[in-house]
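The values are calculated or read from the model by the stated rules, or taken from the named source; none is laboratory data. All values reported here derive from a predicted model rather than from experimental measurement. Here the Cβ positions follow ideal geometry from the backbone for every residue, glycine too, while neighbour counts run over all protein chains shown. With ligands, DNA and RNA removed, areas are computed over all heavy atoms of the protein, side chains included. Shrake-Rupley method; radii C 1.70, N 1.55, O 1.52, S 1.80 Å.
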Amino acid sequence: MKVEIEASWQKRLQPEFEKAYFAQLTDFVRREYAVRTIYPPGRLIFNAFNLCPFDRVKVVLLGQDPYHGPGQAQGLCFSVNDGVRFPPSLVNIFKELQSDLGIAPPASGSLVRWAEQGVFLLNATLTVREHQAGSHQNMGWEQFTDAVIRLLAEEREHLVFILWGGYAQRKGAFIDRAKHLVIASPHPSPLSAYHGFFGTKPFSRTNQYLIANGVEPIEW
């Protein structure tokens with residue numbers, strides 16, 4: 001299994017890669033890929049990093065777990081490959097996008113176009129067993145992604161952190177609200193979308209903040 005991470009991230013995360021927990025995590029993940037069906041494909045584990053170098057990050061959108069159905073996960077939170085049916089949360093994200101900015105739902109559920117513009121689509125856990133949600137939680141990924149968020153929050157300024165749901169909000173609780181914009185709301189899943197997600201206008205609020213800080217907005 002060949003896994004690579006973009007050079008600017010590699011440099012900053014090298015101290016994390018050298019820690020004992022990461023060695024244990026690597027061993028676990030390699031064993032899992034060897035004997036089970038694991039998503040995303042190994043080459044896409046760090047897809048969010050590879051599409052969005054450290055200095056190009058404008059927005060951090062935090063998810064929890066990769067999709068665990070065949071052909072869905074592509075290493076970007078909430079995103080699915082071209083031709084894959086939209087998962088319910090993504091349907092609701094596109095509904096809010098249309099309500100907020102008048103943008104009709106796209107034909108593809110792939111959010112690569114967002115990532116290439118500086119939207120860092122990070123899952124808290126980067127791998128999962130097929131049909132077993134949460135199966136790679138508490139193995140070390142969360143410690144790693146905490147370190148990633150801390151790097152961004154401490155070394156960058158005027159980022160937008162979009163934290164949907166209680167899990168993401170707890171993970172981003174330490175972010176300095178005076179230095180960055182934090183948009184926190186209920187999760188877009190069908191269970192909570194009608195309890196405070198819809199109407200939060202995260203896309204327009206993001207762009208207003210970026211423009212106010214001299215940063216080119218996202219073409220959502």
### Summary
By residue number, the members of segment 72-97 that are farther than 18 Å from P186 by Cα and either basic (K, R) or surrounded by fewer than 14 Cβ atoms within 10 Å (Cβ to Cβ) (or both) are D82, G83, R85
#### Entry: 1 or more residues β-branched (V, I, T): qualifying helices (runs of 4 or more DSSP H) within segment 129-215
141-155, 202-212
## Note on the structure
Contact list, first residue from segment 47-71 and under 15 Å from I5 (Cα atoms), second anywhere and of a type in the set (D, E) and in a loop (DSSP other than H, G, I, E, B), beta-carbon distance below 7 Å, six or more apart or interchain, is F49/E6; N50/E6; L51/E116; P53/E6
### Query
Among the residues of segment 38-64 satisfying the criterion of being under 17 Å from R156 (Cα atoms) and among the charged types (D, E, K, R), which is least open to solvent (accessible area, probe 1.4 Å)?
K58
### Summary
Subset of segment 18-29, residues part of a helix (DSSP H, G or I) and either touching a helix residue (DSSP H, G or I) at 6+ places or on another chain (Cβ under 8 Å) or surrounded by 13 or more Cβ atoms within 10 Å (Cβ to Cβ) (or both), comes to Y21, F22, L25, T26, F28, V29
### Those residues of segment 167-220 which are among the small types (G, A, S) and open to solvent by 50 Å² or more (accessible area, probe 1.4 Å), in sequence order
A173, A178, A184, G199, A212, G214
### Query
Identify, please: which residue in segment 1-17 is in a loop (DSSP other than H, G, I, E, B) and of a type in the set (D, E) and is, among those, most open to solvent (accessible area, probe 1.4 Å)?
E4
